[in-house]
1. Looking at the range 134-186 only, could you name the residues that are among the hydrophobic types (A, V, I, L, M, F, W, C), modelled with pLDDT of 85 or more, surrounded by fewer than 19 Cβ atoms within 10 Å (Cβ to Cβ) and under 20 Å from F85 (Cα atoms)?
2. Looking only at the range 72-93, filter to residues that are of a type in the set (V, I, T) and closer than 21 Å to T152 by Cβ; which one of those is surrounded by the most Cβ atoms within 10 Å (Cβ to Cβ)?
Amino acid sequence: MTTTVPSRRPQGSAQSSAAIQGISLLVAIVGLMWLVEIINSLDSYRLDSDGLYPRNIERIWGVFTAPFLHASYQHLIDNTIPFLFMGLIIALSGAVRLALVTGIVIVIGGLGTWLIAPAGAVTVGASGVVFGYATYLLTRGLFDHSALEMLTGAVVGVLWGGALLASLVPHYGVSWQAHLCGGIAGVIAAWLLSDRRTGPGRTAGPGGGRTVPALSK
């Protein structure tokens, strides 16, 4: 009597495949940001009018579009570098984890910004997501009780902590509200996706905002 069992890939192979998928998704997200920026610049940055309008229920969809819009190429470059650095660390855990962290930060951070940002301004930029990535990496080790993840968070803190804290200081034309809310969302993502909540070894589930004058139509 013969018995067949499902074939299993070596764990290292599965982890490598997940990392490749995560990196591919990260590249796609950044590529989309740059494609939108090219189109936006050719259109005299009219797409910035599709950013986040505080407390405007009719344009609440700006929560989802704002992270992909930037006020200039320099604005996008400033966000792309930390987005790639911290996004890559998250992407090594797979595309699902990167998508979940990004989605949680965009939704929760965006809604928080929508609630507290000043009236009369449109918020655009991915730095809220960058703050979310940073705080996710800084705190996930605490929720997972993982020494390696806490070490990774410490490295992120040393490399980017000063710049991140400085970005919370109010400056004209810079949305500290998006930075703060993105940071809070990152901590929430770390808690929601922690191994203690999802189970060890299981994957849960099925990454500067800048303000520009509000444009009237």
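The values are calculated or read from the model by the stated rules, or taken from the named source; none is laboratory data. This one's a predicted model, so the numbers in the text were calculated from it and none came from an experiment. We place every Cβ from the backbone using ideal geometry, glycine too, and count neighbours over all the protein chains shown.
1. L148, M150, L151, A154, V155, V158, L159, I184
2. Only one residue tops the list, namely I90.
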